[in-house]
């Protein structure tokens, strides 16, 4: 029996989650069917992800838009949502939804003066509901999947389900699981032979980061890299961009040993810091979804997660012991 979504998302355990949505119609997300191309829909998904990253208090760490499914690594930023003013919350929500007539009037300084005290209180209470939704992964995925489903149904001139009923969610409990999952997501097109190299894999976060790095910029719509974990570290992923790009590049070479170029045997510094053996790293970045179910991380973190979630047994213990030490 599937776990309730609210029990899969536990911010007290981790703010990082790997989400996967699969298309019911298989090739009808992207690719070609009966001489008709659906490749343009991958751009729909990527554009929508970028828009949602600016509306929600949820950072996008990595993504890959595949032929019949999507991968996302998300970071819930509850502190950011809590710091938003009532007006900020309403403005963000209105970028996606119409809101209410009163909330629309509230945003106008002139019309707000005409609102009664009870009406203003109603707007504030409604804004608090929206605030919680702005750091809710289920609402993020809903805003993504429903939008794509409606656009695809309109183009196909049909109705019915476009995605499977539920998106899959995995909790990433520590830095090792986060790095492995991000590389797993970014290298999906390479493993599927949709791209020869990570930087040429369309509709992925790794290409988006590569393009920005070439210009000496930081991608606006992706969570930045903050460097090595330390006290009072800035907001961002707990490793450096050069480390991560080297990590992905070297991993991709081992995934495709017959491609042009000699396989590099030197490990990137991030692997040494995470203390993951090379063979185990390759297993993680090619079979991440089969190694772990609802949560991924070292054994101690899995045990704490199981205790917090009132689970009778620790799922993924053997994979964690074998792969993460």
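The values are calculated or read from the model by the stated rules, or taken from the named source; none is laboratory data. Please read all numbers here as calculations on a predicted model, not as lab measurements. Cβ: placed from backbone, ideal geometry, glycine included. Neighbour counts: every protein chain shown.
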In region 100-107, is there at least one residue being within 22 Å of the chain's Cα centre (by Cα) and not assigned by TED's automatic domain parsing to the domain that holds residue 237? no
Give the number of residues within region 221-239 that are modelled with pLDDT of 85 or more and either more than 24 Å from residue 57 (Cβ to Cβ) or out of contact with any strand residue (DSSP E or B) (no Cβ under 9 Å at 6 or more places or on another chain) (or both). 0
Please pick out the residue among 103, 108, 85 that is surrounded by 14 or more Cβ atoms within 10 Å (Cβ to Cβ), farther than 24 Å from residue 151 by Cα and without any contact (Cβ under 8 Å) to a residue 40 or more places away in the chain. 103
Within region 179-196, residues being in contact with a helix residue (DSSP H, G or I) (Cβ under 7 Å, 6 or more places away or on another chain) and not in a helix (DSSP H, G or I) number 2
Odd one out for residue 156, checked against (1) surrounded by 14 or more Cβ atoms within 10 Å (Cβ to Cβ); (2) over 26 Å from the mean Cα position of the chain (by Cα); (3) more than 21 Å from residue 43 (Cα to Cα): (3)
Only one of 226, 183 that is more than 15 Å from residue 46 (Cα to Cα) and buried (at least 20 other Cβ atoms within 10 Å of the Cβ): 183
When you go through 143, 152 one by one, which is the residue that is touching a residue at least 60 places away in the same chain (Cβ under 8 Å), in contact with a helix residue (DSSP H, G or I) (Cβ under 7 Å, 6 or more places away or on another chain), farther than 30 Å from residue 239 by Cα and not assigned by TED's automatic domain parsing to the domain that holds residue 281? 152
Breaking point among (1) surrounded by 21 or more Cβ atoms within 10 Å (Cβ to Cβ); (2) closer than 24 Å to residue 283 by Cα; (3) modelled with pLDDT under 90, for residue 193: (1)
Across region 35-47, which residue is modelled with the lowest pLDDT among those that are more than 20 Å from residue 159 (Cβ to Cβ) and surrounded by fewer than 17 Cβ atoms within 10 Å (Cβ to Cβ)? 35
Restricting region 288-322 to residues that are part of a helix (DSSP H, G or I) and in contact (Cβ under 8 Å) with a residue 60 or more places away in the chain, which is nearest to residue 254 (Cα to Cα)? 288
Restricting region 208-219 to residues that are in a loop (DSSP other than H, G, I, E, B) and in contact with a helix residue (DSSP H, G or I) (Cβ under 8 Å, 6 or more places away or on another chain), which is surrounded by the most Cβ atoms within 10 Å (Cβ to Cβ)? 219
Subset of region 142-172 (residues that are touching a strand residue (DSSP E or B) at 6+ places or on another chain (Cβ under 6 Å) and under 29 Å from residue 304 (Cβ atoms)): 167, 168, 169, 170, 171, 172
Filter region 89-108 down to the residues that are over 13 Å from residue 119 (Cβ atoms) and in contact with a helix residue (DSSP H, G or I) (Cβ under 9 Å, 6 or more places away or on another chain) and list them by number. 89, 90, 92, 93, 94, 95, 96, 97, 98, 99, 107
Kindly indicate whether any position in region 240-260 is at pLDDT 80 or above and in a loop (DSSP other than H, G, I, E, B). yes
